[in-house]
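Chemist: Attaching a single structure in structure tokens format; questions to follow.
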Amino acid sequence: MTDRMLHMYRQMLAIRLFEERVNDLYTRALMPGLAHLYIGEEAVAVGVCEALRRDDYITSTHRGHGHCLAKGAVPDLMFAELLGKKAGYCKGKGGSMHIADPDTGNLGANAIVGGSAALAAGAAFSSKYLKLDRVVACFFGEGALGQGVLYESMNLAQLWKLPIVYVCENNQYNEYTHFSETTAGDIIARPSAFGLAVASVDGQDVRAVYDTTAPLVERARKGDGPAFLLCNTYRFRGHHVGDISRDYYRAKHEEQRWTSERDPLAILGAHLLEQQAADRAALDRMAAELTAQMDAAMQWAIDAPYPSPDEVTEDVYA
Amino acid sequence: MSKELSYLEAIREALLEEMRRDPKVFVLGEDVGAYGGAFGVTQGLYDEFGEMRVIDTPISESAIVGVSIGAALRGYRPVAEMQFADFISCAFDQIVNQAATLRYRYGGRASVPIVVRAPSGGNVGGGLYHSQNPEAWFIHRPGLKVVAPSTAYDAKGLLKAAIRDDNPVIYFEHKYLYRRAKGPVPEGDEIVPIGVAATRREGNDATLLTYGAMVAPSLEAADRLSKEGVEVDVIDLRTLLPYDKAAIFASLEKTNRVLVVHEDVKTLGIGSEISAVIMEERFDTLDAPVMRVTYPDTHPPFSHVLEGANLPNADKITGALRRLAAY
């Protein structure tokens, strides 16, 4: 368990450091477009992916860097993709919101909210068809609760007893609107109505996320059907990197309370120290090592070449 | 003499043969299982292949296509049935945003070999949501292929080609032709390649480009013109994306006149695109403006009087050909 906790700490820290550099690339005007940072939500991706095998699958969202890294993507190729470089995961065609990596079972981030819900069911259907026990974790934000395709997907998944875990990351804001203004009734009542196994968890506590996910994944793996996991979390930053004036939709003191009291890294870090699973020096060494790795990965991507303009029409057709 | 099948039977035979040939092929859609599909296209498949390969779904077009995409990413070749082409708009995002772009988004590291079968077309008294010809929406989306057979032969051969293609293919099967079009079909591994038009009738005086249920009235009109001494080259496009530009240009070289006929509405139908391309690339070849006979820019009404008077037919096509020849 100590090894698992340390691994999860390392994964969360890697995501945090990656995202801080993404923000830095944006503010230095090195990265055009948008990026949706996962800072504050790291425990969800890490806790869920810790419960998956490497040959299991995930589908991801526009806020997907954390999912990709947690499932095993390497930061070099991710930075390159974010910068539109040829060496990126998608040759610079996908960018921040569309990173896919078949090698690690990442079926793709998706900038259509809820856009992966049915695709994830299709991947899960293939597991059943092939009589393979590979599970699919379908990540989406609470904003996707407004998309009909999610309900089509859950209905099918339950009818067909598909090995899929729907992971709802409730970071509380549908872009710039609190979810309570967009979401009628009780979130958990929705998957319950389809007969899915349901659970909700403190999405800032990575140990709780892992402990809650693992039995849902194993249940799905055995053929007992889909599950819905509601992770209550918080987006520490704006909807995207450019969303810096947030006063008009949420209060500063609310953000301060979450960042000071509910930081998933701080929560696990304190636990590790308290349990004497690690000492401060060890955690500092880990941070120094990961910081050096992330800096090197980012610099590698900055130095990497862009694609040739005529590649714009490549990969349209097989 | 090879056997003759109806257009509908030809579609079924293509599914049957491809499912026997390749265990990665499965079909899914509303009522496609034991019931055999709303039009009976999948009748018999359930008995042979069972519920894991002939899959009844809820009335959830987005999920039908989305599940197909996910399964395709894991090596399958799903054939999704939209009960009517009119319902394909419910799956629009899955087709145009997900399936069409996936290979591109992945930087070429995956492909989406799915077929979406869409029973389309009017003249069947179906009204607004059982008569549409929505092919132009999909022709406008790079990453998709779009086919629309007019004969039993092509219905079978193009579906086999579509199933074997590594790209998402939208397969428009015209409901009016299901039991009216009959003929020989390809045997064994023979397919009708995607992207290749067929010349249905040869002539040197005008080129008529069409597809689907408009081929028959186009041929009838061409026969009438023949009696007046005008010989029309009738080309069945068969594939709308990518359409056979070489065949169009080759015919234009000898006729110098082009008429496009489609059952789809006029504005931004494929006739608009073909006309523009001819203008851009073969302007010097033209002796007359490119002309079009299409359904008007309106909806398919229920009343057969309203619909029947407005669908393109042999009389309207004949009139247009006369004007074109006389220009």
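Chemist: Going through region B:72-95 one residue at a time, which ones are closer than 21 Å to B:ALA34 by Cβ and aliphatic (A, V, I, L, M)?
Modeler: Passing the criteria: B:VAL79, B:ALA80, B:MET82.
Chemist: Then there is this: Could you say which residue among A:LYS91, A:LYS86, A:LYS71 is out of contact with any Pro (no Cβ under 7 Å at 6 or more places or on another chain) and at pLDDT 95 or above?
Modeler: Checking each option against the conditions leaves just A:LYS71.
Chemist: Go through (1) in contact with a strand residue (DSSP E or B) (Cβ under 8 Å, 6 or more places away or on another chain); (2) assigned to a loop (DSSP other than H, G, I, E, B); (3) within 25 Å of A:GLY148 (Cα to Cα) for A:GLY115 and report which single condition fails.
Modeler: (1)
Chemist: In region A:151-169, which residue that is of a type outside the set (Gly, Ala, Ser) and within 20 Å of the chain's Cα centre (by Cα) is nearest to A:ASP224 (Cα to Cα)?
Modeler: Narrowing region A:151-169 to residues of a type outside the set (Gly, Ala, Ser): A:151-152, A:154-156, A:158-169.
Cutting the leftovers down to within 20 Å of the chain's Cα centre (by Cα) gives us A:154, A:163-169.
Working: A:MET154: 14, A:PRO163: 8, A:ILE164: 10, A:VAL165: 11, A:TYR166: 14, A:VAL167: 17, A:CYS168: 20, A:GLU169: 23 Å.
Looking at residues that are of a type outside the set (Gly, Ala, Ser) and within 20 Å of the chain's Cα centre (by Cα), I get A:PRO163.
Chemist: A further question on this structure: Name the single residue that is farthest from the chain's Cα centre (by Cα) among those in region A:130-150 being part of a helix (DSSP H, G or I) and surrounded by fewer than 18 Cβ atoms within 10 Å (Cβ to Cβ).
Modeler: First pass over region A:130-150, keeping only residues part of a helix (DSSP H, G or I): A:130, A:142-146, A:148-150.
Next cut, surrounded by fewer than 18 Cβ atoms within 10 Å (Cβ to Cβ) only: A:130, A:146, A:148.
On the way: A:LEU130: 27, A:GLY146: 19, A:GLY148: 21 Å.
The selected residue is A:LEU130.
Chemist: Check region B:274-292 and report whether any residue there is closer than 24 Å to B:TYR7 by Cβ and aliphatic (A, V, I, L, M).
Modeler: To start, the set of residues in region B:274-292 that are closer than 24 Å to B:TYR7 by Cβ comprises none.
Scanning region B:274-292, I find no residue that is closer than 24 Å to B:TYR7 by Cβ and aliphatic (A, V, I, L, M), so the answer is no.
Chemist: Check whether at least one residue in region B:104-119 is under 19 Å from B:ASP297 (Cβ atoms), in contact (Cβ under 8 Å) with a residue 12 or more places away in the chain, more than 14 Å from every other protein chain (Cβ to nearest Cβ) and touching a Leu at 6+ places or on another chain (Cβ under 9 Å), and report yes or no. Break it down into steps so the answer makes sense when it comes.
Modeler: Of the residues in region B:104-119, the ones under 19 Å from B:ASP297 (Cβ atoms) are none.
Taking every residue of region B:104-119 in turn, none turns out to be under 19 Å from B:ASP297 (Cβ atoms), in contact (Cβ under 8 Å) with a residue 12 or more places away in the chain, more than 14 Å from every other protein chain (Cβ to nearest Cβ) and touching a Leu at 6+ places or on another chain (Cβ under 9 Å).
Chemist: For B:LYS182, are the conditions met, namely being surrounded by fewer than 16 Cβ atoms within 10 Å (Cβ to Cβ) and touching an Asp or Glu at 6+ places or on another chain (Cβ under 8 Å)? Give the derivation first.
Modeler: Numbers: surrounded by fewer than 16 Cβ atoms within 10 Å (Cβ to Cβ): no; touching an Asp or Glu at 6+ places or on another chain (Cβ under 8 Å): yes.
Considered against the rule, which asks whether it is surrounded by fewer than 16 Cβ atoms within 10 Å (Cβ to Cβ) and touching an Asp or Glu at 6+ places or on another chain (Cβ under 8 Å), B:LYS182 comes out as no.
So that you can scan it fast, the table gives a plain yes or no per residue for (1) among the hydrophobic types (A, V, I, L, M, F, W, C); (2) under 15 Å from A:GLN11 (Cβ atoms):
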site	(1), (2)
A:PRO32	no, no
A:ALA45	yes, yes
A:THR61	no, no
A:ASP76	no, no
A:LEU82	yes, no
A:ALA87	yes, no
A:LYS91	no, no
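Chemist: Those residues that are in contact with a strand residue (DSSP E or B) (Cβ under 9 Å, 6 or more places away or on another chain) and assigned to a loop (DSSP other than H, G, I, E, B), I need them from region A:39-73; list them, please.
Modeler: A:GLU41, A:ALA51, A:LEU52, A:ASP56, A:SER60, A:THR61, A:HIS62, A:ARG63, A:GLY64, A:GLY72, A:ALA73
Condition check ((1) more than 8 Å from chain B (Cβ to nearest Cβ); (2) within 28 Å of A:ASP224 (Cβ to Cβ)) across all residues:
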| site | (1), (2) |
| --- | --- |
| A:GLY40 | yes, no |
| A:CYS49 | yes, yes |
| A:PRO75 | yes, no |
| A:LYS85 | yes, no |
| A:HIS98 | no, no |
| A:ASP103 | yes, no |
| A:GLY143 | yes, no |
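Chemist: May I pose another question? Here are the criteria: (1) within 9 Å of chain B (Cβ to nearest Cβ); (2) buried (at least 24 other Cβ atoms within 10 Å of the Cβ). Tell me which single one A:LYS91 does not satisfy.
Modeler: Evaluating A:LYS91 over (1) within 9 Å of chain B (Cβ to nearest Cβ); (2) buried (at least 24 other Cβ atoms within 10 Å of the Cβ) leaves (2) as the failure.
Chemist: Moving on. Please specify each residue of region B:29-62 satisfying the condition of being within 13 Å of chain A (Cβ to nearest Cβ) and either on the phi > 0 side of the Ramachandran plot or polar (S, T, N, Q) (or both).
Modeler: Across region B:29-62, the qualifying residues are B:GLY29, B:GLY50, B:THR57, B:SER60, B:SER62.
Chemist: Quick one: would you say B:ARG105 is over 19 Å from the mean Cα position of the chain (by Cα), crowded, with 22+ Cβ neighbours inside 10 Å, in the same structural domain as B:LYS160 (by TED's automatic domain parsing) and among the basic types (Lys, Arg)? Let's see the steps before the verdict.
Modeler: Working: over 19 Å from the mean Cα position of the chain (by Cα): yes; crowded, with 22+ Cβ neighbours inside 10 Å: yes; in the same structural domain as B:LYS160 (by TED's automatic domain parsing): yes; among the basic types (Lys, Arg): yes.
The answer is yes for B:ARG105.
The values are calculated or read from the model by the stated rules, or taken from the named source; none is laboratory data. Note that this is a predicted model, so its numbers are computed, not measured. Cβ: placed from backbone, ideal geometry, glycine included. Neighbour counts: every protein chain shown.
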